[in-house]
Amino acid sequence: MSKNGGKLKENDLKSNVIYSTDSRDFGLVSTSIPCQAACPARTNIPGYIRSIYEKEYGNAYEINRSANILPGVLGRICSRPCESACRHGEPENGVSVGICHLKRSCADLKPVSHRIMEHLYNPTGKRIAVVGSGPAGLAAAHDLSTFGHSVTIFESQDKPGGMMIYGIPEFRLPREILNMEIRNILRLGIDLKTSVAVGTDISLDQLLGEYDAVAVATGCVKPRTLGVEGENLENVHNGLEFMEKVNDGQTPYVGEKVVVIGAGFTAVDCARSAIRLGGTEVSIHIRKTVEQMRIDETEKHEAQFEGIATHSLVQPSKIIGDGKKVVGIEFLRTRMKKTDTPPYRTSLPIENSEFFVPADSVIAAIGQAPNADAVSESLSLKGQGADETGIEKVFMAGDFATGSSDVISAIAGGRNCARVIDEFLLGEKRKETVVRLESCDTTDRPRAYDFIPKVDMDTITMEDRLIIGTAEVETGYSDDQAEEESRRCYLCNLRYEIDPLVCIYCSACIDVAPKDCIKMIEYIPVNPDGTYGDFQEAGEWNKVTSITIDNANCIRCGQCLAVCPMDCISVTKVERMEIDT
């Protein structure tokens, strides 16, 4: 491979494929494929959606798994940053593609004969301990094992999976799906030791004496408290501990009137679980507005469908009890204020605005933080880099390094940690991220596909949800539904370009473009990192230096290619991927 990013690999001369390391190509991939750029694991989203369209579900599953390790899990619980970035959801383009639902479909619909493919390196003789079997720990262990290292996972609980099994309710994530995908990771020869707490049952120093490196991926296990009077009353639950009990098959008392405090996925999971435990008046209370909740629209819809009310612009000031049990909670109303620093809007309490809400139970789900001291008092959390632990040979990954995030971010962190450890142990970089460029014809996707309405996910009835509290709510796409939704993808991995040396500036392409995606430009600035900046459009014809396709707005309809009299428009399939160095 050429480090200069413009030469053909010898064995790809016939197929006309280039593997580029040019920063301009990385920049163009980010702007051209916003869904992939938004995915922390950089999943090749157009690639797997195209495979679903071709009914190659096994291939779609492998494309997913090569990036995000747990496609069946993430197809159900991912926070979906890709869908927020999807070009189909931009103004006048319609509604974002159901990327997450399609990810699930490749896991659900792949043939039973499908066999997982792994790229394995030769054994290195190195031994690595991974502390924690949540998404970050599993991802790190998987990649370290494929690198040829001997890996042992230490898990303090009696089952692997971390927050995926103890923090997420079964009606969102069936345990047979989670367990199957965990087994697919462990099958590489990874040794799993459960009910072993590092820092209690075995020390970090002991691990350092036995292993060549240690990766700490214990996540965020220390719950944040409300810090108000009455927090220690009976029937006041912490969100994380409440979900652990529910997922362990216990039935913590909730009563009829349940007040949940928090704006994230855990808060909604707690509220929906309370409904299944018999709560009849379940409500969620948040300091900011519903639009600023850290959950996707699907979760908001399902909570509302199940009869859960959300009250915004309030914060708790006191939990009130009868001396032993909670009887209600006092709230203050809040107002939003703009700030000059992220998140740019904050909530402030309004004086003398107290009001009382009766409650049989209160669930505080306001987040968690990592607990480094539980592993070792010498561990540092001052930096977020995988190797910034303050202890030689000790690395960190996922939420333990970054603070509370989501499953897809934790997986990305675990995989990055594995690469850092591999390079540390062997003194060389064995994988490199490149942009694969392949010449291709124009899209075979008809423009009519742009106007297909989004295929909604079917769900079970409210009655069925209450009869079996663990029953999965979403039923998944059928084969026909998956194909229909896959048609909606613009295939943004197709890059359209105009050759300025052949173009005669007839503007025929501009005339047929359905979007403002073909522009007359004066120049294109280059950013300090080598990527292209924003196009500087020309206001007059005598200042036009070229006509350029803006792939950040292009919807890949192919109309420009069809009308060009000079055949000066080319199409390139681009893909960000990892290859051996």
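FYI, it's all coordinate maths here, none of it is from the lab. Quick caveat, the model's predicted, so the values are computed rather than measured. Here the Cβ is made from the backbone with ideal geometry for all residues, glycine too, and neighbour counts use every protein chain on show.
Potential lengthening of the chain between Thr251 and Leu501 amounts to 82.8 nm, from the contour at 0.36 nm per residue minus the alpha-carbon distance.
Measuring r between the beta carbons of Glu377 and Glu90 and using R0 = 51 Å, the FRET efficiency lands at 0.55. Spacing of the modelled spin labels on Leu188 and Ile116, each 7 Å from Cα toward Cβ, amounts to 0.9 nm.
Note on Ala552/Lys429: beta-carbon distance plugged into 1/(1 + (r/R0)^6) with R0 of 41 Å gives a FRET efficiency of 0.85. Here the gap between Asp580 and Gln384, fully extended at 0.36 nm per residue and compared with their Cα-Cα distance, gives a gain of 67.9 nm.
Among 297-304, 428-435, sorting by the average number of other beta carbon atoms lying within 10 angstrom of each residue, highest first, gives 297-304, 428-435. Computed from the C-beta positions of Glu229 and Glu463 and an R0 of 60 Å, the FRET efficiency is 0.90 to the nearest 0.05.
The rule of thumb for compact globular proteins, 2.2 N^0.38 Å, goes into the C-alpha radius of gyration of the chain 1.05 times. Rg and Dmax, both from the Cα atoms of the range 401-515 and both in Å, are 23.4, 69. In straight Cα distance, which lysines are under 27 Å from Lys245, not counting same-chain residues fewer than 8 positions off? Partners within reach: Lys159, Lys193, Lys222, Lys257, Lys300, Lys318, Lys324, Lys325.
When Rg and the Kirkwood Rh are both derived from Cα coordinates, the Rg/Rh ratio for the range 89-211 amounts to 1.07.
Centre-to-centre, using Cα atoms only, the range 211-255 and the range 157-200 are separated by 18 Å. Relative to the longest principal axis of the C-alpha atoms of the chain, give the angle of the C-alpha long axis of helix 99-109, reported between 0 and 90° and rounded to the nearest 10°. Helix 99-109 sits at roughly 80 degrees to that axis. Take every Cα pair under 8 Å whose residues are at least 6 apart in sequence, average their separation, divide by the length of the range 80-225, and the relative contact order is 26 percent. Among 502-510, 355-363, the peptide with the highest mean count of other Cβ atoms within 10 Å heads the list, and the full ranking is 355-363, 502-510.
Our helix-only sum for the chain, with -39,500 (n - 2.57) per DSSP H run of n ≥ 4 divided by its residues, gives a mean residue ellipticity at 222 nm of -8000 deg cm²/dmol.
When you work out D = kT/(6 pi eta Rh) for the range 224-364 at 20 °C and 1.002 mPa s, using the Kirkwood radius from C-alpha pairs as Rh and the Stokes-Einstein form, the result is 140 µm²/s. The residue among Ile286, Val268, Ile329 whose Cα reaches farthest toward the positive pole of the charge dipole of the range 224-364, with charges on the beta-carbon of Lys, Arg, Asp and Glu, is Ile286.
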